[in-house]
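S.K.: Questions regarding the structure given below will be posed in turn.
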Amino acid sequence: MLKKLFQSFRPSSPAPLPDPDAELALGALLVRVAQADRDYQVEEISLIDRILARMYQHNAIEAAKVRATCEKLHAAAPDTDTFGKLIRETTGLEERLAALEALWEVVLADGAQDEGELKIIGEARKAMGLSFADSEAARDRVLARL
């Protein structure tokens with residue numbers, strides 16, 4: 001009986017995930033990088049929210065909702081290449097460079113560069129059609145701001 005009561009409060013099936021656009025793809029990559037070291041901290045979550053708010057003109061609540069959707073997309077998503085290719089195909093060079101810089105911002109947020117994080121950055125960079133030099137320059141810009 002108690003089981004039936006709890007089930008009545010749960011939705012019958014989870015809401016379907018939206019088809020990712022460049023914003024959701026970047027958000028999912030940011031979540032993927034933040035979770036790569038298996039230590040998804042509140043600081044990283046709030047940084048992702050701030051990045052999404054800054055890049056896509058969201059208020060704090062909207063950014064948090066987008067990030068929550070991105071967390072679900074990340075969990076259900078295939079591989080990093082899919083998100084990177086989507087960004088490459090739907091945005092210009094400046095937006096792709098800004099996306100790469102945002103990824104570096106999350107990687108460098110905790111002061112340590114985990115091997116898993118660097119692997120994701122490399123895969124995303126290639127999928128977005130950016131060079132290693134672009135990645136190094138993006139990392140250097142982020143380091144200069146820190």
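The values are calculated or read from the model by the stated rules, or taken from the named source; none is laboratory data. Keep in mind that this is a model prediction, so the values were computed, not measured. Note: ideal-geometry Cβ built from the backbone for every residue, glycine included; neighbour counts use all protein chains shown.
S.K.: Taking Ala64 as the residue in question, decide whether it is aliphatic (A, V, I, L, M) and touching a His at 6+ places or on another chain (Cβ under 9 Å).
M.R.: Answer is yes for this residue.
S.K.: Sticking with this one: Check Ala112 against each of (1) modelled with pLDDT under 95; (2) assigned to a helix (DSSP H, G or I) and name the one condition it does not meet.
M.R.: Just one mismatch for Ala112, condition (2).
S.K.: Turning to a different aspect of this structure: More than 12 Å from Glu23 (Cα to Cα), in contact with a helix residue (DSSP H, G or I) (Cβ under 6 Å, 6 or more places away or on another chain) and not β-branched (Val, Ile, Thr) - does that describe any residue in the range 79-92?
M.R.: Yes, the range 79-92 has at least one match.
S.K.: Name the one entry in Gly116, Gly84, Gly129, Gly111 that is at positive phi, out of contact with any Pro (no Cβ under 6 Å at 6 or more places or on another chain) and touching a residue at least 24 places away in the same chain (Cβ under 8 Å).
M.R.: Gly129
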